[in-house]
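One structure follows; several queries about it will come next.
The values are calculated or read from the model by the stated rules, or taken from the named source; none is laboratory data. Given the structure is predicted, the values throughout are model-derived calculations rather than measurements. Methodologically, a virtual Cβ is constructed for each residue, glycine included, from the backbone with ideal geometry; neighbour enumeration extends over all protein chains shown. For accessibility, only protein heavy atoms count, side chains too; no ligands or nucleic acids. Shrake-Rupley method; radii C 1.70, N 1.55, O 1.52, S 1.80 Å.
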Amino acid sequence: MGAAREMMLLGETWDAARAHRQGLVNRVVPSDQLDATALELAQQLAANVRAASVATKRLALRSYDVSLGRFLEEYVRAQRGCWNDRETRETLERYRAGRWGK
């Protein structure tokens, strides 16, 4: 967050290498690999269990705004929600049966 604020407040434009060093981007790829890399990431995200992805994103964003105790309460609630999710249960059944990703 500090690097993002610095860049915005100073009105600077950073190249990809500096943005990566500062933690503003997770990876840098050559432009000729951009489409393939983006598609691969999108496919990986799409293959995730939706309820788990939603809970993870929500918890990651909330972790900055709440106390540890409140965060842990929300984490337990999210876990219970995932365990009660049909897609989660079906994915776990496939995993346990040795049919992961099929």
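Filtering the stretch 51-77 down to residues that are polar (S, T, N, Q) and assigned to a helix (DSSP H, G or I), which residue is least open to solvent (accessible area, probe 1.4 Å)? Full working, then the answer.
First, the residues of the stretch 51-77 that are polar (S, T, N, Q): 53, 56, 63, 67.
Imposing the further condition that a residue be assigned to a helix (DSSP H, G or I) reduces the set to 53, 56.
Numbers: SER53: 47, THR56: 91 Å².
The selected residue is SER53.
Given the conditions (1) in a helix (DSSP H, G or I); (2) open to solvent by less than 100 Å² (accessible area, probe 1.4 Å); (3) free of Cβ contacts under 8 Å to residues at least 12 places away in the same chain, report the number of the one that ARG80 does not fulfil.
Evaluating ARG80 over (1) in a helix (DSSP H, G or I); (2) open to solvent by less than 100 Å² (accessible area, probe 1.4 Å); (3) free of Cβ contacts under 8 Å to residues at least 12 places away in the same chain leaves (2) as the failure.
What tally of residues in the stretch 13-50 results from selecting those that are part of a loop (DSSP other than H, G, I, E, B) and open to solvent by less than 50 Å² (accessible area, probe 1.4 Å)? Before the answer, list the steps.
Quick first cut of the stretch 13-50, residues part of a loop (DSSP other than H, G, I, E, B) only: 13-15, 22-30, 48-49.
Next cut, open to solvent by less than 50 Å² (accessible area, probe 1.4 Å) only: 14, 29, 49.
Residues flagged as part of a loop (DSSP other than H, G, I, E, B) and open to solvent by less than 50 Å² (accessible area, probe 1.4 Å) within the stretch 13-50 amount to 3.
Which of the residues belonging to the stretch 1-12 are exposed (fewer than 12 other Cβ atoms within 10 Å of the Cβ) and either among the small types (Gly, Ala, Ser) or over 25 Å from the mean Cα position of the chain (by Cα) (or both)?
First pass over the stretch 1-12, keeping only residues exposed (fewer than 12 other Cβ atoms within 10 Å of the Cβ): 1-2, 5, 8-12.
Those that are exposed (fewer than 12 other Cβ atoms within 10 Å of the Cβ) and either among the small types (Gly, Ala, Ser) or over 25 Å from the mean Cα position of the chain (by Cα) (or both): GLY2, LEU9, LEU10, GLY11, GLU12.
Confirm whether THR91 is among the β-branched types (Val, Ile, Thr) and open to solvent by 100 Å² or more (accessible area, probe 1.4 Å).
Working: among the β-branched types (Val, Ile, Thr): yes; open to solvent by 100 Å² or more (accessible area, probe 1.4 Å): no.
Considered against the rule, which asks whether it is among the β-branched types (Val, Ile, Thr) and open to solvent by 100 Å² or more (accessible area, probe 1.4 Å), THR91 comes out as no.
Restricting to the stretch 83-102, name every residue that is part of a helix (DSSP H, G or I) and without any contact (Cβ under 8 Å) to a residue 40 or more places away in the chain.
Looking only at the stretch 83-102, we keep the residues that are part of a helix (DSSP H, G or I), and these are 83, 86-96.
Of everything in the stretch 83-102, those that are part of a helix (DSSP H, G or I) and without any contact (Cβ under 8 Å) to a residue 40 or more places away in the chain turn out to be TRP83, ARG86, GLU87, THR88, ARG89, GLU90, LEU92, GLU93, ARG94, TYR95, ARG96.
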